[in-house]
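Participant: Quick one: structure below, then a few questions.
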Amino acid sequence: MNRLDDLQLFVEAARQGSLSGAARILGRTPAVASASLKRLETQLRVKLVERNTRNLRLTPEGTLFLDKVAQGLTLLEDAQQVVRHDCAEISGEIRLTASVDLARQWIMPLMDEFQSVHPQVYFTLLAGDAVRDLVLEPLDLALRYGELPDSALVARRLLNNRRMLVASPSYIERHPPLLHPQDLLHHNCLIFQSQERAYRRWAFHQGSDAVVVEVKGDRVCNDGSLVREWALLGRGIAYKSHLDVYRDLQAGNLVQLLPDWQGDSAPLSAVYPGSGPRPPRVKKFVEFLAQHFKTLE
């Protein structure tokens, strides 16, 4: 049974209590409507309605069939509406902010891919490691690492992520092995600074053991991408988000140190200002990001 118009005719006839009334609403002739109902009953091998010249009533089998068919047609209509909306062309500006490393390595190529499908969308990307105020600034979206305590913001988690220790093979060759987080006290650590605060306290845990080490080093920078570059050049050990060094690890340009010790949780989230409705282009882009980052877990 694959004739949707027969099912629609049956449901409408049951609602109207009249085959001719259903035919009128659906724009069919009475003869076509009658043939449609007869075809449906033939396919089911059961009588669905009792009818006379003026009205009809459902048989017990017709009542049972109506309940299931009406639900199915409603679901089908809902699905069609979702698809129409989902496939509709989107356009306009998306204003977003992200850290420099995240923007360069991931967001820029993903923007290109998104625009190849939705060419009417254009971006304003504010790349920087400082945390921008989404309420005061005209931004649609921020991509941020870490837990998000600010209840005034709405967030969607895109990726579970942690910080880890990394260094270049050349640095590892020139320095004593790292066997425990406390050994960091004997190494040069590359320190990230944000909003005048230098993050020198690096936290780790292994099972029930937790360690916080206050590290030292000869380089501090407020640009996380430069901290990563220094690590790649063999200048020291960095405490970086896994996503920021994902490709470096894959290529062998950086090596994870102390893999049995977990660093701080640093999930990646899409953060929105306020709780109002989102423009379709923003919702679509966030869904696109979520689908991409899901492949990395």
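Participant: Return the residues of the stretch 58-74 that are surrounded by 14 or more Cβ atoms within 10 Å (Cβ to Cβ) and assigned to a helix (DSSP H, G or I); say none if nothing qualifies. Talk me through it step by step, then tell me what you get.
Facilitator: Step one: filter the stretch 58-74 for residues surrounded by 14 or more Cβ atoms within 10 Å (Cβ to Cβ), giving 58-59, 61-62, 65-66, 69-70, 73.
Selection gives Glu61, Gly62, Phe65, Leu66, Val69, Ala70, Leu73.
Participant: Has the stretch 172-188 got any residue that is at pLDDT 90 or above, closer than 21 Å to Pro267 by Cα and out of contact with any Gly (no Cβ under 6 Å at 6 or more places or on another chain)?
Facilitator: No, every residue in the stretch 172-188 fails to be at pLDDT 90 or above, closer than 21 Å to Pro267 by Cα and out of contact with any Gly (no Cβ under 6 Å at 6 or more places or on another chain).
Participant: Only one of these is hydrophobic (A, V, I, L, M, F, W, C) and either in contact with a Cys (Cβ under 7 Å, 6 or more places away or on another chain) or at pLDDT 85 or above (or both): Leu7, Leu66, Leu26, Leu56. Name it. Steps first, please.
Facilitator: On the way: Leu66 fails: either in contact with a Cys (Cβ under 7 Å, 6 or more places away or on another chain) or at pLDDT 85 or above (or both); Leu26 fails: either in contact with a Cys (Cβ under 7 Å, 6 or more places away or on another chain) or at pLDDT 85 or above (or both); Leu56 fails: either in contact with a Cys (Cβ under 7 Å, 6 or more places away or on another chain) or at pLDDT 85 or above (or both).
Matching residue, one of Leu7, Leu66, Leu26, Leu56: Leu7.
Participant: Identify, by number, the condition in (1) crowded, with 16+ Cβ neighbours inside 10 Å; (2) assigned by TED's automatic domain parsing to the domain that holds Tyr145; (3) over 22 Å from Arg104 (Cβ atoms) that Val282 doesn't meet.
Facilitator: Status for Val282: all satisfied but (3).
Participant: Moving on. When residues of the stretch 141-195 are filtered for being closer than 26 Å to Leu96 by Cβ and of a type in the set (S, T, N, Q), how many remain?
Facilitator: Within the stretch 141-195, residues that are closer than 26 Å to Leu96 by Cβ and of a type in the set (S, T, N, Q) number 6.
Participant: Let me ask something else. Residues being under 15 Å from Tyr171 (Cβ atoms), crowded, with 17+ Cβ neighbours inside 10 Å and in contact (Cβ under 8 Å) with a residue 60 or more places away in the chain: count how many of those fall in the stretch 200-233.
Facilitator: Of the stretch 200-233, the ones under 15 Å from Tyr171 (Cβ atoms) are 215, 217-219, 227-233.
In the following step, the residues that additionally are crowded, with 17+ Cβ neighbours inside 10 Å were identified as 215, 217, 227-228, 230-232.
Filter once more, so that each one left must be in contact (Cβ under 8 Å) with a residue 60 or more places away in the chain: 228, 231-232.
Qualifying residue count for the region: 3.
Participant: Quick one: Val245 ticks every box in (1) assigned to a strand (DSSP E or B); (2) touching a helix residue (DSSP H, G or I) at 6+ places or on another chain (Cβ under 9 Å) bar one, so which box is it?
Facilitator: (1)
Participant: On to the next question. Can Glu173 be described as out of contact with any Leu (no Cβ under 7 Å at 6 or more places or on another chain), free of Cβ contacts under 8 Å to residues at least 24 places away in the same chain and closer than 24 Å to Arg247 by Cα?
Facilitator: yes
Participant: Could I ask something else about it? Answer yes if at least one residue in the stretch 90-97 is within 22 Å of Val227 (Cβ to Cβ), at pLDDT 90 or above and touching a strand residue (DSSP E or B) at 6+ places or on another chain (Cβ under 7 Å), and no otherwise.
Facilitator: Checked the stretch 90-97: at least one residue is within 22 Å of Val227 (Cβ to Cβ), at pLDDT 90 or above and touching a strand residue (DSSP E or B) at 6+ places or on another chain (Cβ under 7 Å).
Participant: Could you give me the residue pairs with C-beta distances under 6 Å whose first residue belongs to the stretch 257-286 and is within 14 Å of Glu147 (Cα to Cα), whose second residue is at pLDDT below 95 and among the hydroxyl-bearing types (Ser, Thr, Tyr) wherever it lies, and which are 6+ apart or on separate chains?
Facilitator: Ala266/Tyr145; Ala266/Ser241; Leu268/Tyr145
Participant: Test Ser168 against the stated conditions and say whether it is touching a Gly at 6+ places or on another chain (Cβ under 7 Å), of a type in the set (Gly, Ala, Ser) and farther than 19 Å from Tyr145 by Cβ. Before the answer, list the steps.
Facilitator: On the way: touching a Gly at 6+ places or on another chain (Cβ under 7 Å): yes; of a type in the set (Gly, Ala, Ser): yes; farther than 19 Å from Tyr145 by Cβ: yes.
Taking the combined requirement at face value, the residue satisfies it.
Participant: Could you say whether any residue in the stretch 223-232 is part of a helix (DSSP H, G or I), acidic (Asp, Glu), farther than 30 Å from Lys284 by Cα and under 34 Å from the mean Cα position of the chain (by Cα)? I'd like the intermediate steps shown before the answer.
Facilitator: Filtering the stretch 223-232 for residues part of a helix (DSSP H, G or I) gives 224-232.
Now narrow it down to the ones that are acidic (Asp, Glu): 229.
Subset that is farther than 30 Å from Lys284 by Cα: 229.
Within this subset, residues satisfying the condition of being under 34 Å from the mean Cα position of the chain (by Cα) are 229.
Looking through the stretch 223-232, at least one residue is part of a helix (DSSP H, G or I), acidic (Asp, Glu), farther than 30 Å from Lys284 by Cα and under 34 Å from the mean Cα position of the chain (by Cα).
Participant: It is to be established whether one or more residues within the stretch 269-279 are among the small types (Gly, Ala, Ser), closer than 15 Å to Leu178 by Cβ and either part of a strand (DSSP E or B) or outside the structural domain of Tyr199 (by TED's automatic domain parsing) (or both).
Facilitator: So the first thing to find is which residues in the stretch 269-279 are among the small types (Gly, Ala, Ser), and the list is 269-270, 274-276.
Filter once more, so that each one left must be closer than 15 Å to Leu178 by Cβ: none.
Looking for residues that are among the small types (Gly, Ala, Ser), closer than 15 Å to Leu178 by Cβ and either part of a strand (DSSP E or B) or outside the structural domain of Tyr199 (by TED's automatic domain parsing) (or both), one finds none in the stretch 269-279, hence no.
Participant: Does Tyr272 count as under 30 Å from the mean Cα position of the chain (by Cα), surrounded by fewer than 19 Cβ atoms within 10 Å (Cβ to Cβ) and within 27 Å of Phe123 (Cα to Cα)? Before you say what the answer is, go through the steps one by one.
Facilitator: Working: under 30 Å from the mean Cα position of the chain (by Cα): yes; surrounded by fewer than 19 Cβ atoms within 10 Å (Cβ to Cβ): no; within 27 Å of Phe123 (Cα to Cα): yes.
Against the criterion (under 30 Å from the mean Cα position of the chain (by Cα), surrounded by fewer than 19 Cβ atoms within 10 Å (Cβ to Cβ) and within 27 Å of Phe123 (Cα to Cα)), Tyr272 does not qualify.
Participant: Does Arg15 meet the test of being under 19 Å from Leu76 (Cβ atoms) and outside any loop (DSSP other than H, G, I, E, B)?
Facilitator: Yes, satisfied.
The values are calculated or read from the model by the stated rules, or taken from the named source; none is laboratory data. All values derive from a computational prediction rather than experimental measurement. Cβ atoms come from the backbone with ideal geometry, glycine included; neighbour counts cover every protein chain shown.
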